[in-house]
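J.: Before we start, here is the structure in question, set down as structure tokens.
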Amino acid sequence: MARAPLLPVADALARILATAERPLEAEDVALADALGRRLACDLAARRTQPPCAVSAMDGYAVRAADIATIPARLRVLGVSAAGHGFAGSVGPGEATRIFTGAPVPEGADTILIQEDAKAEGGYVTALASEPLGRYVRRAGLDFAVGDVLLHAGRRMGPAELALAAAMNHATLSLVRRPRVAILATGDELVPPGANPGPDQIVASNNFAVGAYARQAGAEVIDLGIAGDDFPALEAAIRRARDFKADVLVTLGGASVGDHDLVQTALTREGMELGFWRIAMRPGKPFMHGRIGDMRILGLPGNPVSAIVCAVLFLVPLVRALSGDKDAGADATRPAVLGADLPENDQRQDYLRARISGLNEGIATATPFSKQDSSMLGVLAEAQGLIVRAPDAGPAKKGDSCRVMLLI
């Protein structure tokens, strides 16, 4: 009996993102804690900025008509400073000393900068003319009450935080962080710092996968290591459900060998299998399913396979659940090959590569000679992945290619 064809990568991603039907629910978060989070709804200004006409420079608030002919001697009435505006008005032949950010007094319409002014006694002499409105920031120059400046799904970076604060928002309605539970599996695994036996290895995938999930905006729950037995696996799956995880990521054991029990354990706990096995390298034995509201991503056990799958599938899923409307956008960029490549088979390939010339136009991607999916040393040296389509023909050094950056 022939095996079912492997699922293309694009179809796998589409199916995974389809489980993020809508962003997660909203919660109110203090502005100081909003960095990296996404807005759950549009954000409108609660005030006008600036609230009145203010000076953009230090100097003198004057009437442009009074300094049209120079030199012009004006009587100084007082001072306008930021937070302490001049209460009077400026008439013909008059001026006020003014500082950056201070309100422009009534009657004044132009700023004479101090470099072009000579003060003496209670007067100032204008040494240069300025056009009407020079160095005056009009009321509402930045925004006005009711202006929608930040839209739902916008990621709150430093500039967005400053804008929200200027709009007079102390708290924001943000999409809740997706809860991602990570479960490493296998009798061969021990935690870092342990003394592995001759047939054991140190668990590492959970650290990289968890880091990618956090970078994408998730709250990560580490379920530890479960051995190759059903009671341990099923207990860990139940812990993920108790934590109300939005995503459960299992590491290893997702194949169908005698010691690969994860898929069966998940099925026994109620998983509806979405798909298993993808036409990609590394990462073919990838599994996707769902237990109620908890999405399941079964990543391969080989370190590079797990990390590549996390980049391709987990990160977009977390972003989609967080409200990112571009979560499924193409993450590749153009480059040229730094070495020849043989023809590809029916699987989409992700070759670890050095990427040079990123700031010099089109970058050059040079694949490592060793591409074994167990080699973390090579992955740590790679700046990106060369993406090769299924059945791609031989390629020469200098040919165009597509790369995903890992830096």
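None of the figures in this text is laboratory data; all of them are computed from the coordinates on show. Predicted model only: the values in this text are computed from it and were never measured. All Cβ positions, even for glycine, are placed from backbone atoms using ideal geometry, and neighbour counts span all protein chains on display.
J.: In terms of the ratio Rg/(2.2 N^0.38 Å) built on C-alpha atoms, what value belongs to the stretch 248-361?
T.: 1.25
J.: Once you keep just the Cα pairs under 8 angstrom separated by 6 or more residues, what percentage relative contact order results for the chain?
T.: 16
J.: Something else now. With θ set to phi - 60°, apply the Karplus curve 6.51 cos²θ - 1.76 cosθ + 1.60 along the stretch 123-128 and write out the HN-Hα couplings as whole Hz, x wherever there is a Gly or Pro.
T.: 10, 9, 9, 7, 9, 8
J.: Let me ask something else about it. Restricting to DSSP H runs of at least four residues, report the calculated mean residue ellipticity at 222 nm for the chain, -39500 (n - 2.57) per run over all residues, nearest 500 deg cm²/dmol.
T.: About -5000 deg cm²/dmol.
J.: Which whole-angstrom value gives the distance between the alpha carbon centres of the stretch 300-320 and the stretch 54-68?
T.: 60
J.: Using alpha-carbon positions, what is the distance between the centroids of the stretch 1-50 and the stretch 377-407, in Å?
T.: With the stretch 1-50 and the stretch 377-407 each reduced to a Cα centre, they are spaced 28 Å.
J.: Taking θ as phi - 60°, what are the ³J(HN,Hα) couplings along the stretch 310-325 by the Karplus curve (6.51, -1.76, 1.60), each to the nearest whole Hz, with x for Gly and Pro?
T.: 5, 5, 6, 10, 5, 4, x, 5, 4, 5, 5, 5, 7, x, 7, 6
J.: Could you line up Thr267, Thr19, Thr69 from fewest to most neighbouring Cβ atoms inside 10 Å?
T.: Exposure proxy ranking, most exposed first: Thr69, Thr267, Thr19.
J.: If you add up the charges near Val145, with Lys and Arg at +1 and Asp and Glu at -1, over every other residue whose beta carbon is less than 13 angstrom from its beta carbon, what do you get?
T.: 0
J.: Most exposed first by the Cβ proxy, i.e. fewest other Cβ within 10 Å, how do Met294, Met404 rank?
T.: Least to most surrounded, the residues fall as Met404, Met294.
J.: Can you give the FRET efficiency for Asn359 and Ser129, using 1/(1 + (r/R0)^6), R0 = 51 Å, r = Cβ-Cβ distance, to the nearest 0.05?
T.: 0.70
J.: In nm, to one decimal, how far is the modelled label at Glu115 from the one at Ala211, with both set 7 Å along Cα→Cβ?
T.: Those two pseudo-labels are separated by 4.8 nm.
J.: Longer than 32 Å from Cα to Cα, which of Lys284/Lys396; Lys244/Lys325; Lys325/Lys397 are they? Say none if no pair is.
T.: Correct reply: Lys325/Lys397.
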